[in-house]
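*Asks:* Take this structure, written in structure tokens, and hold onto it; I'll ask about it next.
The values are calculated or read from the model by the stated rules, or taken from the named source; none is laboratory data. All values derive from a computational prediction rather than experimental measurement. Ideal geometry is used to build each Cβ from the backbone, glycine not excepted, and the neighbour counts take in all protein chains shown. We work out accessible area using only protein heavy atoms, side chains counted, and drop any ligands, DNA or RNA first. Shrake-Rupley method; radii C 1.70, N 1.55, O 1.52, S 1.80 Å.
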Amino acid sequence: MPIQEQGKIIRNAELQDSYRKLELYAPGICAETKAGQFVHMQISGLRDRILRRPFSISDVNKDGVLTIIYKVVGAGTEVLSTQEEGSTCSLLGPLGTPFSLPGKDEIPVIVAGGYGAAATYLLAKRAESKGVMLLGARSEKDLILTKEFSDIPFELRTATEDGSTGDKCLVTDLLETIIREKSAKKLRFYGCGPHGMLMAMGKILIENGLDGELSLDHLMCCGVGACFACVVKVKADNEDGWRYARTCKEGPVFNASSIYYE
Amino acid sequence: MIDISVDLGKFKLKNPVMTASGTFGYGKEYADFFPLEKLGAIVVKGICEKPSHGNPTPRIAEVTSGMLNAIGLQGPGVEKFLHDEDYMPFLKKVNTAVIVNIWGKTVEEYERVAKRLDEEKEGITALEINISCPNIKEGGIAFGTDLKLASRVVSGVRKATTLPLITKLSPNVSSIPDFAKAVRDAGTDVISLINTIPGMAIDIETRKPKIANIRGGLSGPAIKPIALRMVYEAAGAVDIPVIGMGGITTAEDAIEFFLAGASAIAVGTAIFADPFAPLNIIDGIKKYMKRKSYSCLMDFIGKVNIDKK
Ligand SMILES: Cc1cc2nc3c(=O)[nH]c(=O)nc-3n(C[C@H](O)[C@H](O)[C@H](O)COP(=O)(O)OP(=O)(O)OC[C@H]3O[C@@H](n4cnc5c(N)ncnc54)[C@H](O)[C@@H]3O)c2cc1C
Ligand SMILES: Cc1cc2nc3c(=O)[nH]c(=O)nc-3n(C[C@H](O)[C@H](O)[C@H](O)COP(=O)(O)O)c2cc1C
Ligand code: FES
């Protein structure tokens with residue numbers, strides 16, 4: 001059940017480039033968190049802005065520490081990056097429909113781009129069988145949590161658009177390779193990253209007669225399913241063949257087969 | 001003893017703080033956070049005849065001290081609303097007033113929706129007629145900005161139901177008193193205002209409007225002074241009760257609306273930042289009354305101190 005909790009900042013430090021790692025003491029939310037869920041954060045000190053900001057829960061531990069990995073992109077994340085140890089911010093969470101964990105006999109294959117790596121870390125950690133992480137970004141500096149995934153241990157394969165590290169290709173090309181290589185095995189696919197990447201991933205899975213769970217992100221307002229700001233098209237049994245589903249409530253995790261591709 | 005119950009003519013509320021339509025879903029979405037019984041009333045998202053998709057995305061944009069929205073009234077339609085577990089069946093179990101906000105693309109659709117709700121009115125306290133949504137294009141008629149059409153909608157709905165009627169006015173008119181009088185004469189029991197004010201925002205990098213629909217309704221603290229002025233004008237023009245809303249975030253904001261003449265208030269956009277805002281406002285009103293030694297809301301409703309020359 002989601003709650004409202006004052007998260008106390010324990011650490012707020014640079015991870016790499018414009019990515020930062022935020023650790024908050026929020027035991028109530030930690031206890032309830034499932035992989036793939038998010039918190040809706042009111043950034044203290046953000047003036048004249050009224051909305052909360054959604055962030056994936058990257059990790060939680062039994063001491064009540066919740067980890068978020070965030071990229072500084074605008075006014076809110078800029079102010080967040082200046083918040084010091086000991087200060088607090090209001091959190092709503094855990095919110096959203098989580099990933100379902102892979103079974104013992106299934107190999108999880110995670111495809112992630114950008115902060116999508118953060119959103120799938122807890123999934124990888126909690127998976128009983130260790131799997132493969134396909135991580136993509138524009139260049140090396142945007143590949144985050146590579147060591148953390150390797151340490152789980154997950155087999156890590158990387159792709160960058162500029163070829164600064166890993167294969168010079170799109171992360172979805174790595175996905176196609178894996179599907180060919182491991183076709184005899186029982187695979188479970190998960191994805192989180194930019195919209196274009198996820199749509200491409202969904203189509204590849206469907207073309208190969210497979211399914212997977214994709215975590216979509218969208219502009220959010222209430223974060224709890226009340227305002228209909230955050231909708232995406234999903235297949236529906238009506239004359240149009242689709243309906244708008246709320247990413248914050250029915251998602252952020254959707255089955256690739258349920259998404260309506262335009 | 002402080003009494004914060006409020007009499008709105010045909011119905012009473014245990015306290016004067018309601019949720020604004022469209023900002024609190026159908027109640028259930030917030031039930032995990034606090035007991036909904038604490039609210040004076042739950043006003044649900046606008047209901048029309050058939051399920052509707054609403055507008056394309058992006059549907060919202062954050063702006064200075066407020067937000068723009070063009071949700072476009074996505075909703076389940078009246079039949080699903082009456083019978084699906086997530087909507088009316090859930091709300092019937094909540095011990096507080098339930099107000100159903102309705103809209104239509106034609107006068108006849110408003111009447112049909114009102115009639116269906118009237119036929120299964122158990123658990124419904126009142127209807128709020130939304131003649132003021134800026135985000136629906138179809139029909140091309142703005143009911144809320146045309147005196148004759150506004151009256152026709154209200155009198156049509158009046159004939160379709162015996163439920164108490166609240167009419168929600170548009171701020172897009174030059175004379176609020178004219179509209180307040182027109183809908184009163186057409187049979188509304190209560191007036192509520194304001195709905196959002198049409199606005200726009202542009203992303204200067206992509207040069208695209210930040211809202212797919214180009215225009216979106218402005219809400220939040222940015223509109224509060226306009227809303228307060230309009231509530232003052234409406235309350236001065238008619239004797240029926242007025243429900244005030246528009247940017248209310250704190251108890252102080254709410255008290256300003258009472259002083260301007262509102263008998264009850266609704267909290268909207270503030271809920272997105274803080275789901276507990278309505279409850280904090282109720283507490284703050286009680287504290288103010290205690291401090292001022294007021295025993296009931298009538299002690300200060302409409303009592304703005306204006307020197308008459
Ligand atoms: C379910 C979900 C999980 C997310 N997880 C993470 C995460 O783990 N790490 C991370 O760095 N970011 C994450 N994001 C994106 C993050 O919410 C935005 O980067 C952040 O809101 C930007 O705020 P700002 O004030 O800095 O940017 P501004 O551009 O100033 O924000 C203006 C408005 O746009 C919204 N907005 C801007 N960018 C986005 C975006 N990409 N997605 C949604 N809303 C946006 C803001 O919330 C705000 O309402 C997630 C988004 C969603 C929906
Ligand atoms: C996201 C959103 C959706 C809304 N949907 C409706 C609606 O369905 N029907 C309606 O009458 N008003 C709707 N409104 C208007 C609000 O009920 C309210 O009149 C307005 O937002 C001003 O109050 P506020 O500043 O406290 O939000 C909506 C407002 C917002 C922000
Ligand atoms: S953000 Fe309000 S419904 Fe999803």
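*Asks:* Please find, within segment B:75-86, the residue that is surrounded by the most Cβ atoms within 10 Å (Cβ to Cβ) out of those that are out of contact with any strand residue (DSSP E or B) (no Cβ under 6 Å at 6 or more places or on another chain) and within 13 Å of chain A (Cβ to nearest Cβ).
*Replies:* Ranking the candidates gives B:Pro76 first.
*Asks:* Check B:Gly72 against each of (1) surrounded by 18 or more Cβ atoms within 10 Å (Cβ to Cβ); (2) under 18 Å from A:Ala226 (Cα atoms); (3) away from chain A (no Cβ under 14 Å) and name the one condition it does not meet.
*Replies:* Among (1) surrounded by 18 or more Cβ atoms within 10 Å (Cβ to Cβ); (2) under 18 Å from A:Ala226 (Cα atoms); (3) away from chain A (no Cβ under 14 Å), B:Gly72 violates only (3).
Per-residue answers, yes or no, for (1) touching a strand residue (DSSP E or B) at 6+ places or on another chain (Cβ under 9 Å); (2) closer than 30 Å to B:Ile214 by Cα:
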| position | (1), (2) |
| --- | --- |
| B:Met1 | no, no |
| B:Ser5 | yes, no |
| B:Gly9 | yes, no |
| B:Gly22 | yes, yes |
| B:Lys28 | no, no |
| B:Glu37 | no, no |
| B:Ala41 | yes, no |
| B:Lys45 | yes, yes |
| B:Leu68 | yes, yes |
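*Asks:* Also, quick follow-up: Taking the conditions exactly as written (more than 16 Å from ligand 2 (Cβ to nearest atom), of a type in the set (A, V, I, L, M, F, W, C), surrounded by fewer than 23 Cβ atoms within 10 Å (Cβ to Cβ) and away from chain B (no Cβ under 14 Å)), does A:Ile10 satisfy them or not?
*Replies:* Values: more than 16 Å from ligand 2 (Cβ to nearest atom): yes; of a type in the set (A, V, I, L, M, F, W, C): yes; surrounded by fewer than 23 Cβ atoms within 10 Å (Cβ to Cβ): yes; away from chain B (no Cβ under 14 Å): yes.
In short, yes.
*Asks:* Right, something else. Among the residues of segment A:49-66 satisfying the criterion of being assigned to a loop (DSSP other than H, G, I, E, B), more than 16 Å from ligand 2 (Cβ to nearest atom) and crowded, with 23+ Cβ neighbours inside 10 Å, which is nearest to the other protein chains (Cβ to nearest Cβ)? Talk me through it step by step, then tell me what you get.
*Replies:* Residues of segment A:49-66 assigned to a loop (DSSP other than H, G, I, E, B): A:49-52, A:57-58, A:61-64.
Narrowing further to those that are more than 16 Å from ligand 2 (Cβ to nearest atom): A:57-58, A:61-64.
If we keep only those that are crowded, with 23+ Cβ neighbours inside 10 Å as well, we get A:57-58.
Values: A:Ile57: 17, A:Ser58: 23 Å.
Once the filter is applied, the top-ranked residue is A:Ile57.
*Asks:* Given (1) touching a Pro at 6+ places or on another chain (Cβ under 9 Å); (2) over 19 Å from A:Val224 (Cα atoms), where does A:Leu22 come up short, assuming only one miss?
*Replies:* Here A:Leu22 meets the rest and fails (1).
*Asks:* Next question, about the same structure. Quickly run through segment A:96-123 and pick out the residues that are outside any loop (DSSP other than H, G, I, E, B) and either β-branched (Val, Ile, Thr) or open to solvent by 10 Å² or more (accessible area, probe 1.4 Å) (or both).
*Replies:* Once the filter is applied, which keeps residues that are outside any loop (DSSP other than H, G, I, E, B) and either β-branched (Val, Ile, Thr) or open to solvent by 10 Å² or more (accessible area, probe 1.4 Å) (or both), segment A:96-123 yields A:Thr97, A:Ile107, A:Val109, A:Ile110, A:Val111, A:Thr120, A:Tyr121.
*Asks:* Further question on the same structure: Among (1) within 14 Å of the chain's Cα centre (by Cα); (2) surrounded by fewer than 24 Cβ atoms within 10 Å (Cβ to Cβ); (3) more than 16 Å from ligand 3 (Cβ to nearest atom), which single condition is A:Ser44 missing?
*Replies:* With (1) within 14 Å of the chain's Cα centre (by Cα); (2) surrounded by fewer than 24 Cβ atoms within 10 Å (Cβ to Cβ); (3) more than 16 Å from ligand 3 (Cβ to nearest atom) applied to A:Ser44, the lone miss is (1).
Residue-wise test of (1) hydrophobic (A, V, I, L, M, F, W, C); (2) at pLDDT 95 or above.
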position: A:Arg47; (1), (2): no, no
position: A:Thr67; (1), (2): no, yes
position: A:Glu78; (1), (2): no, yes
position: A:Ser90; (1), (2): no, yes
position: A:Leu122; (1), (2): yes, yes
position: A:Ser129; (1), (2): no, no
position: A:Ser139; (1), (2): no, no
position: A:Ile144; (1), (2): yes, no
position: A:Phe149; (1), (2): yes, no
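*Asks:* Looking for whichever is modelled with pLDDT of 95 or more and farther than 30 Å from B:Ala31 by Cβ here; the options are B:Lys159, B:Lys93, B:Lys115. Which one fits?
*Replies:* B:Lys159
*Asks:* Name every residue in segment A:216-233 that is open to solvent by less than 10 Å² (accessible area, probe 1.4 Å) and either more than 8 Å from ligand 3 (Cβ to nearest atom) or within 19 Å of A:Ser100 (Cβ to Cβ) (or both), in order of residue number.
*Replies:* A:Leu216
*Asks:* May I ask you to say which residue of A:Lys249, A:Lys203, A:Lys185 is open to solvent by 40 Å² or more (accessible area, probe 1.4 Å), within 16 Å of ligand 2 (Cβ to nearest atom) and touching a residue at least 24 places away in the same chain (Cβ under 8 Å)?
*Replies:* So the residue among A:Lys249, A:Lys203, A:Lys185 that is open to solvent by 40 Å² or more (accessible area, probe 1.4 Å), within 16 Å of ligand 2 (Cβ to nearest atom) and touching a residue at least 24 places away in the same chain (Cβ under 8 Å) is A:Lys249.
*Asks:* Restricting segment A:70-91 to residues that are within 12 Å of ligand 1 (Cβ to nearest atom) and in contact with a helix residue (DSSP H, G or I) (Cβ under 9 Å, 6 or more places away or on another chain), which is nearest to A:Glu23 (Cα to Cα)?
*Replies:* So the residue we want is A:Tyr70.
*Asks:* Hey, another quick one. Give me the residue from segment B:205-238 that is part of a strand (DSSP E or B) and closer than 22 Å to B:Val190 by Cβ and, out of that set, farthest from the chain's Cα centre (by Cα).
*Replies:* In this case the residue turns out to be B:Gly217.
*Asks:* In addition: Return the only residue of A:Tyr260, A:Tyr190 being within 14 Å of another protein chain (Cβ to nearest Cβ) and of a type in the set (Ser, Thr, Tyr).
*Replies:* Testing whether each residue is within 14 Å of another protein chain (Cβ to nearest Cβ) and of a type in the set (Ser, Thr, Tyr) leaves just A:Tyr260.
*Asks:* Out of curiosity, is B:Val43 crowded, with 23+ Cβ neighbours inside 10 Å and over 26 Å from B:Leu73 (Cα atoms)?
*Replies:* no
*Asks:* Moving on. Just the residues that are in contact (Cβ under 8 Å) with a residue 40 or more places away in the chain, of a type in the set (A, V, I, L, M) and assigned to a loop (DSSP other than H, G, I, E, B), please, taken from segment A:1-48.
*Replies:* Within segment A:1-48, A:Ala26, A:Ala35, A:Ile43 qualify.
*Asks:* Any idea which residue in segment B:218-231 is least open to solvent (accessible area, probe 1.4 Å), counting only those that are away from chain A (no Cβ under 14 Å) and out of contact with any Phe, Trp or Tyr (no Cβ under 9 Å at 6 or more places or on another chain)?
*Replies:* Among them, the one singled out is B:Met230.
*Asks:* Ok, one more. Right, A:Lys233: more than 14 Å from ligand 1 (Cβ to nearest atom), of a type in the set (D, E, K, R) and assigned to a helix (DSSP H, G or I) or not?
*Replies:* On the way: more than 14 Å from ligand 1 (Cβ to nearest atom): yes; of a type in the set (D, E, K, R): yes; assigned to a helix (DSSP H, G or I): no.
The answer is no for A:Lys233.
*Asks:* Run A:Tyr70 past the list (1) open to solvent by 20 Å² or more (accessible area, probe 1.4 Å); (2) part of a strand (DSSP E or B); (3) not basic (Lys, Arg) and report the number of the one that doesn't hold.
*Replies:* (1)
Residue-by-condition table, conditions (1) surrounded by fewer than 20 Cβ atoms within 10 Å (Cβ to Cβ); (2) within 16 Å of ligand 3 (Cβ to nearest atom); (3) within 14 Å of chain A (Cβ to nearest Cβ):
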{"site": "B:Ser174", "(1), (2), (3)": "yes, no, no"}
{"site": "B:Phe179", "(1), (2), (3)": "no, no, no"}
{"site": "B:Ser192", "(1), (2), (3)": "no, no, no"}
{"site": "B:Gly199", "(1), (2), (3)": "no, no, no"}
{"site": "B:Arg207", "(1), (2), (3)": "yes, no, no"}
{"site": "B:Thr250", "(1), (2), (3)": "yes, no, yes"}
{"site": "B:Leu259", "(1), (2), (3)": "yes, no, no"}
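*Asks:* Starting from residues that are open to solvent by 50 Å² or more (accessible area, probe 1.4 Å) and outside any loop (DSSP other than H, G, I, E, B), keep the ones in segment A:191-200 and report whichever is nearest to A:Ala35 (Cα to Cα).
*Replies:* The qualifying residue nearest to A:Ala35 (Cα to Cα) is A:His195.
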